[in-house]
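In what follows, a single structure is set out as structure tokens and then discussed.
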Amino acid sequence: MDFLRPASWEEALAAKAEHPTAVPIAGGTDVMVEINFDHRRPEYLLDLNRVGDLYEWEVGEESVRLGASVPYTRIMEDLRAELPGLALASHTVASPQIRNRGGVGGNLGTASPAGDAHPALLAAGAEVEVESAARGSRLIPIDDFYTGVKRNALQPDELIRAVHIKKADGPQQYSKVGTRNAMVIAVCAFGLALHPGTRTVRTGIGSAAPTPVRARAAEEFLNAALEEGGFWDNGKIITPSVAKQFAELCSAACNPIDDVRGTASYRRHAVGVMARRTLTWTWESYRGTRNTSEGAA
Ligand SMILES: Cc1cc2nc3c(=O)[nH]c(=O)nc-3n(C[C@H](O)[C@H](O)[C@H](O)COP(=O)(O)OP(=O)(O)OC[C@H]3O[C@@H](n4cnc5c(N)ncnc54)[C@H](O)[C@@H]3O)c2cc1C
């Protein structure tokens, strides 16, 4: 196995163009497991650890441009206000050691349906910035990024440079079911983001379908119900029947399998429970911020 060690982004793209089968390695927390278990023996490993840009982020007017290798720990500590859903999801990843090494670029590279970043990215709204030496860069909307079980929209000569994630304009939540509280791959997971600016909600479901997915019918139902009842303006408590129907539609968006971590029917049920709970938590928080701003006015 040859080890390619580019010192810059341009060198990394050139190496990937020359060796399209080279496997990029960032934190290595997925790649090294596969190599250690002999699931994979690539001819070339493309080490991205010397490419400093990948560890940087920029907070813009509307979105955060998060370098592909920014570790989860940094997201939790430095981007909690801008990316609360992703920060909560990052908290649930593995252990401090893994969170110091692993990042969102690696999670996207693996594209496991159980990856914890995905529901948060789907709910917040994101675009993946990818680049190749031959064709330059392009932005892939997060909804188009996941193409199958552990498959993504990257071409063989492309690398992930950054993820552009919409800054939170309202409360966000992330919930994960596992067999214990730490060091656990999700049985299933759910992300929810309220976007008061556009009066919309977005969802993300993990580990309950071949790819991470949004519950689009549930979003449409809730958007209409909130609009119809004037909820964004009057800040009333969401009625139990609305919350129940939202939860049922989220369950219906799942297409899970039975496996060692859980059954399909348990996953559907658990996604419904998480949908209802995260809706309650985020809406309570939205109402709280409204009351505070009204009180201050
Ligand atoms: C003990 C343990 C517990 C874990 N627990 C969790 C968990 O709770 N939740 C969770 O989501 N994950 C978990 N993981 C998996 C892993 O930590 C995450 O998927 C992490 O985000 C991977 O990031 P990384 O930088 O280490 O990726 P790497 O292992 O370096 O790479 C992962 C994949 O992405 C590709 N890649 C990396 N960077 C790029 C790039 N810039 N461009 C193109 N492709 C790239 C690699 O080629 C590879 O295919 C766990 C892993 C271990 C070992």
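Just a few scattered comments:
- Figure legend. Inter-residue proximity from the stretch 154-170: first residues more than 9 Å from ARG65 (Cβ to Cβ) and within 11 Å of the ligand (Cβ to nearest atom), second residues β-branched (Val, Ile, Thr) and at pLDDT below 95, beta-carbon distance below 7 Å, spacing 6+ or different chains. No pairs are indicated.
- Residue pairs whose Cβ atoms lie under 8 Å apart, separated by 6 or more positions or on different chains, with the first residue in the stretch 106-119 and touching a residue at least 60 places away in the same chain (Cβ under 8 Å) and the second in a helix (DSSP H, G or I) and near the ligand (Cβ under 6 Å from one of its atoms), are GLY106/VAL31; GLY115/ASN107; ASP116/ASN107; HIS118/ASN107.
- Consider the stretch 69-101 and keep the residues that are part of a loop (DSSP other than H, G, I, E, B), within 30 Å of SER8 (Cβ to Cβ) and free of Cβ contacts under 8 Å to residues at least 40 places away in the same chain. The one that is nearest to the chain's Cα centre (by Cα) is VAL93.
- Beta carbons closer than 7 Å, at least 6 apart along the sequence or on distinct chains, pair a first residue in the stretch 245-268 that is over 19 Å from ALA224 (Cα atoms) with a second that is open to solvent by 70 Å² or more (accessible area, probe 1.4 Å) for CYS254/ARG268; PRO256/ARG268; ARG261/ILE185; ALA264/ILE257; ALA264/ASP258.
- Per-region count, the stretch 142-151, residues over 10 Å from PRO210 (Cβ atoms) and either touching a residue at least 40 places away in the same chain (Cβ under 8 Å) or part of a strand (DSSP E or B) (or both): 1
- Among the residues listed as PRO212, PRO240, the single one being of a type outside the set (A, V, I, L, M) and open to solvent by less than 30 Å² (accessible area, probe 1.4 Å): PRO212
- Identity of the residue in the stretch 215-237, of a type outside the set (A, V, I, L, M, F, W, C) and assigned to a helix (DSSP H, G or I), that ends up most open to solvent (accessible area, probe 1.4 Å): GLU228
- One residue from LEU139, LEU154 being open to solvent by 20 Å² or more (accessible area, probe 1.4 Å) and either at positive phi or in a loop (DSSP other than H, G, I, E, B) (or both): LEU154
- Enumeration of residues in the stretch 1-16 that are in a loop (DSSP other than H, G, I, E, B) and either surrounded by 15 or more Cβ atoms within 10 Å (Cβ to Cβ) or in contact (Cβ under 8 Å) with a residue 60 or more places away in the chain (or both): PRO6
- Test: GLY125 is surrounded by fewer than 23 Cβ atoms within 10 Å (Cβ to Cβ), touching a residue at least 12 places away in the same chain (Cβ under 8 Å), within 28 Å of GLU18 (Cβ to Cβ) and within 13 Å of the chain's Cα centre (by Cα): no
- Selection of the stretch 179-198 for residues being at pLDDT 95 or above and either within 12 Å of the ligand (Cβ to nearest atom) or surrounded by fewer than 24 Cβ atoms within 10 Å (Cβ to Cβ) (or both) yields ALA186, VAL187, ALA189, HIS195, PRO196, GLY197, THR198.
- Scanning the stretch 17-42 for residues that are more than 9 Å from the ligand (Cβ to nearest atom) and among the β-branched types (Val, Ile, Thr), we see that the one that is least open to solvent (accessible area, probe 1.4 Å) is ILE35.
- Screening ALA114 against (1) small (Gly, Ala, Ser); (2) within 7 Å of the ligand (Cβ to nearest atom); (3) part of a helix (DSSP H, G or I) leaves a single unmet condition, (3).
The values are calculated or read from the model by the stated rules, or taken from the named source; none is laboratory data. Owing to the predicted nature of the structure, the values given are computational and were not obtained by experimental measurement. Here Cβ is always computed from backbone atoms with ideal geometry, including for glycine, and neighbour counts include all displayed protein chains. These area figures cover heavy atoms from the full protein model, side chains too; ligands, DNA and RNA do not enter into them. Shrake-Rupley method; radii C 1.70, N 1.55, O 1.52, S 1.80 Å.
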